């Protein structure tokens with residue numbers, strides 16, 4: 001996802017409402033595809049209120065004849081930093097999107113799922129990877145475990161020597177089988193699989209530089225059409241849900257470097273520093289308002 005290419009303006013209404021106005025059409029096709037997807041509300045102009053839960057309302061004039069669609073989300077301000085996991089497109093060519101990919105059933109997603117990890121001190125978290133589930137010790141994570149390589153042997157052990165910091169809670173269409181999240185693995189110079197998972201901090205960008213805190217996960221859809229929505233959760237931290245849309249064979253996967261299909265309905269998700277908006281298109285003169293309601 002690149003920056004929106006169409007012209008727009010951003011302003012404030014009072015102290016708590018951010019207004020985004022399209023001054024020319026923003027369409028789901030062409031240079032601005034897929035339209036507005038994410039608004040980053042951050043920086044020195046915004047100061048967190050006291051710890052607590054706050055309701056945020058998003059109103060987007062994206063309906064027929066400019067009709068407004070409205071949704072709400074909860075912004076939670078924490079009293080202290082906690083471990084954090086976030087989906088990221090940092091290392092992919094633009095435009096691209098690893099969330100909401102559309103692929104056939106029984107298929108690997110063409111764009112890996114990359115996550116940016118932060119530890120309890122707010123620093124990028126290296127040495128973390130995905131390991132198979134351990135249903136005896138961690139039954140809450142049947143989709144796999146997120147483990148820190150504490151003993152630095154390059155392997156991930158849930159029963160000793162390493163530290164389990166979270167895991168995956170899978171969700172899939174009823175009756176689906178075969179779906180799986182798996183780690184990217186280290187390979188030799190001859191491109192042979194070493195069996196060792198690639199850990200966060202070892203994934204490289206196009207320049208060959210290792211990027212701190214980025215963990216890579218591969219995903220394979222099951223045998224049923226519908227939404228595959230695994231939730232990646234950190235113990236004592238946050239969680240993030242990823243959506244993969246599995247379609248009938250022959251439906252065509254989104255190739256790497258293209259924008260996968262987006263949901264057809266508006267949605268809002270609010271985080272500590274990110275307000276994500278799936279808004280479709282905005283015609284010239286239409287507005288998008290982000291409003292905090294009340295003190296709590």
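Any read-out appearing in this document is the output of simple, stated calculations on the displayed coordinates, not a laboratory observation. Quick caveat, the model's predicted, so the values are computed rather than measured. Cβ coordinates were reconstructed from backbone atoms using ideal geometry, including for glycine residues, and neighbour counts include every protein chain displayed.
Quick notes
- Oblate is the label for segment 133-224, because the ratio a/c of its alpha-carbon gyration tensor axes (a ≥ b ≥ c) is 1.5 or higher and a/b is not greater than b/c.
- Note on segment 44-198: Cα-only Rg and Dmax are 19.7, 61 Å.
- Of the residues 134, 162, 125, 53, the one with the fewest other Cβ atoms within 10 Å heads the list, and the complete ranking is 53, 134, 162, 125.
- Exposure proxy ranking, count of Cβ atoms within 10 Å, fewest first, for 91, 117: 91, 117
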